[in-house]
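**Student:** Here it is: the structure, laid out below.
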Amino acid sequence: MARTFTAVVFPEANRAELRQLIWNLLMNAVQSIPEKGTVEVSLKRTADPVGAALDIRDTGSGMRKEVLQKVFEPFYTTRERGTGLGLAIVRRIVENHGGKIQLESEPGQGTVVAVWLSTSPRTGLITAHAVSEVEG
Ligand SMILES: Nc1ncnc2c1ncn2[C@@H]1O[C@H](COP(=O)(O)OP(=O)(O)OP(=O)(O)O)[C@@H](O)[C@H]1O
Ligand SMILES: [Mg+2]
């Protein structure tokens with residue numbers, strides 16, 4: 001499995017929490033891919049309000065509406081060895097930073113998770129884009 005990680009700096013946010021946020025979302029994206037697919041990560045500055053938009057896009061299994069409605073609930077999982085805490089933690093971190101999170105998913109097509117977090121106007125944030133081929 002090939003993976004690319006890009007260093008990201010969000011000065012206003014807690015570093016360990018952000019690492020956890022990105023890790024949880026990347027794990028979900030990778031785990032959703034049954035055989036072969038891609039995970040695409042992009043990071044862009046936003047001007048109004050000042051912040052950073054992180055998009056994680058996978059070509060995995062996608063989710064039905066009934067699943068999508070429950071994913072933020074603690075202990076909700078469809079995976080055999082899942083704890084169901086990944087997205088609950090992600091949502092708590094986003095809320096702690098006054099950010100936003102949105103999920104779009106199409107069964108059989110894939111999922112896009114869009115996170116927005118505020119950053120300081122003088123942040124050294126670098127726009128980044130990475131695509132990884134995943135083969136399980
Ligand atoms: N990118 C994704 N593609 C498809 N389904 C997803 C994706 N992300 C989350 N899900 C669905 O949402 C459920 C909850 O995700 P969450 O990360 O909270 O828990 P988990 O991945 O099951 O377990 P854990 O993260 O604790 O190991 C998953 O079981 C899965 O059904
Ligand atoms: Mg998870």
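**Student:** Hey, with R₀ at 25 Å, roughly what FRET efficiency would Gln69 and Glu95 work out to, going by the Cβ-Cβ distance, to 0.05?
**Tutor:** Between Gln69 and Glu95 the formula returns 0.85.
**Student:** Further question: Do you know the relative contact order of segment 15-135, to the nearest whole percent, from alpha carbon pairs under 8 angstrom that are 6+ apart?
**Tutor:** Computed over segment 15-135, the figure is 35 percent.
Read the figures in this text as sums done on the coordinates, not as results from a lab. Predicted, not measured: the structure shown is a model, and the values here were computed from it. Backbone-built Cβ (ideal geometry, glycine too); neighbour counts: all protein chains shown.
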